[in-house]
Amino acid sequence: MDTSRGALLNLLELQKVDTAIDRATARCANLPEQAALDDLEAQLAENTDQLAKRQAALDEVAIRQKRLDFEVDSVGRKIEIESNRLYSGIVNNAKELSDLSREVEALKRRKIFLEDSDIAVMEEREMVEGELKELQEEHNSLVAGIEQARAARDVAAGEVGNQLSAAQAD
């Protein structure tokens with residue numbers, strides 16, 4: 001009876017060790033620190049997607065602004081050329097002078113419209129740059145948070161690893 005009792009006590013002790021190993025293994029597989037890290041990494045992936053979209057929007061706005069700036073300059077040069085022609089005395093025909101005058105006025109209206117559009121695009125660009133800056137700050141914050149979460153996970157995994165090693169040594 002003592003031998004079977006001793007064997008049962010050994011089996012009970014072995015069961016405690018196996019249970020401790022199973023608990024440590026389960027804890028290692030389900031660390032809350034790992035879940036927090038996974039959540040931060042998912043947020044970072046979403047932030048990175050948003051950054052890419054905002055950067056693409058900024059690039060598109062910059063292209064539109066550059067095109068409008070070119071058009072404003074081009075219309076300005078055309079106004080200067082036509083105005084010089086109008087007031088140079090080269091054109092003597094009254095009808096041609098009248099047409100030239102109307103064309104200069106139309107070009108001035110076009111230039112005003114383009115400048116207004118350019119200002120609107122500049123404001124849009126400023127807004128997109130602000131959003132991009134906020135997203136970049138969030139990105140930097142997430143990267144720092146991920147580094148901290150990795151360190152916390154590594155510490156927790158080390159503790160669980162030590163518990164597992166101690167349980168396996170028993």
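For segment 101-142, the solvent-accessible area with a 1.4 angstrom probe is 70 square angstrom per residue. When the chain is treated as a GNM with alpha-carbon contacts under 10 Å, the residue of Ile119, Ile81, Ile90 showing the greatest mean-square fluctuation is Ile90. Taking the protein heavy atoms of segment 33-170 in the context of the full set of protein chains, the accessible area attributed to carbon and sulfur is 53 percent at 1.4 Å. Compute the angle between helix 94-169 and the longest alpha-carbon principal axis of the chain, please, reported from 0 to 90 degrees and rounded to the nearest 10. Approximately 10 degrees, to the nearest 10. Any lysines with Cα under 28 Å of the Lys111 Cα? List them, leaving off those in the same chain fewer than 8 positions away. Once the sequence-local lysines are set aside, what remains near Lys111 is Lys66, Lys78, Lys95.
For the chain, the mean residue ellipticity at 222 nm estimated from helices alone is -35500 deg cm²/dmol, where every DSSP H run of n ≥ 4 contributes -39500 (n - 2.57) and the total is divided by all residues, rounded to the nearest 500.
Using only Cα coordinates, the Kirkwood hydrodynamic radius of the chain works out to 23.2 Å.
The values are calculated or read from the model by the stated rules, or taken from the named source; none is laboratory data. Everything quoted here is computed from the prediction, not taken from an experiment. Ligands, DNA and RNA are excluded from the accessible area calculation, which covers all protein heavy atoms including side chains. Shrake-Rupley method; radii C 1.70, N 1.55, O 1.52, S 1.80 Å.
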